[in-house]
Each structure stands twice: as C-alpha cells, then as structure tokens.
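Heads up: the structure comes next, in structure tokens.
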Amino acid sequence: GEENDGLHRPLNLSEELSQVVGEGPMGRADVVSGLWDYIKKNDLQDGQEIRADDKLKAVFGKDRFDMFEMNEKLSDHLEEAE
C-alpha cells in the first residue's frame, strides 16, 4: 500500500536534520515538507536558491543550495528505520 512506498517509508534522521525538522522516524515526504516549512518560516528562499542558516548549513554543508542539491544531500541524512 501507499504507506510503504519510498516517500512514506519511515526513515531515521541524522542529528543535524532532526534539529531542523524534528525527531524521526518519518517519511521522506514529511522531511521535505518540514524543510520547506522551516525555510519559509525563516524566509530563507531566494528565487531558485535557498540561503542556509546555521542549522541548514550543518545539514547541507554550504551557504546556498538549490532544490536539486537539497534532494541529493538529504539522502546522506536519512536511513531506513528498522
């Protein structure tokens, strides 16, 4: 069923990512949604790019990144929950 597809399977989050979106496990869709909430709440979107504050820099390792980089880098911070 839908719960088990790639976007909803529960994943463990890295410490850095948890600082931004909260404690896992949660599905990738919820992680991305949480990231956008954080970005909007802190007004970090700049056109196609996102300006990283300290918490985002801890996750993404750079001052600015775009959505493709965000999705790529996100995988490093997620792992299958047992």
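The values are calculated or read from the model by the stated rules, or taken from the named source; none is laboratory data. Quick caveat: nothing in here was measured; it's all calculated off a predicted structure. Positions of Cβ are backbone-derived with ideal geometry, glycine not excepted, and every protein chain shown enters the neighbour counts. Keep in mind that these areas ignore ligands, DNA and RNA; they rest on the heavy atoms of the full protein, side chains included. Shrake-Rupley method; radii C 1.70, N 1.55, O 1.52, S 1.80 Å.
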Residue pairs meeting the criteria (Cβ under 6 Å; at least 6 apart or on separate chains; first closer than 14 Å to residue 27 by Cα and assigned to a helix (DSSP H, G or I), in segment 54-82; second hydroxyl-bearing (Ser, Thr, Tyr) and open to solvent by less than 30 Å² (accessible area, probe 1.4 Å)):
77/14
Of the numbered conditions (1) in contact with an Asp or Glu (Cβ under 9 Å, 6 or more places away or on another chain); (2) open to solvent by 80 Å² or more (accessible area, probe 1.4 Å); (3) not β-branched (Val, Ile, Thr), residue 11 fails exactly one; give the number of that condition.
(2)
If you scan segment 14-47, which residues turn out to be in contact (Cβ under 8 Å) with a residue 60 or more places away in the chain and open to solvent by 30 Å² or more (accessible area, probe 1.4 Å)?
16
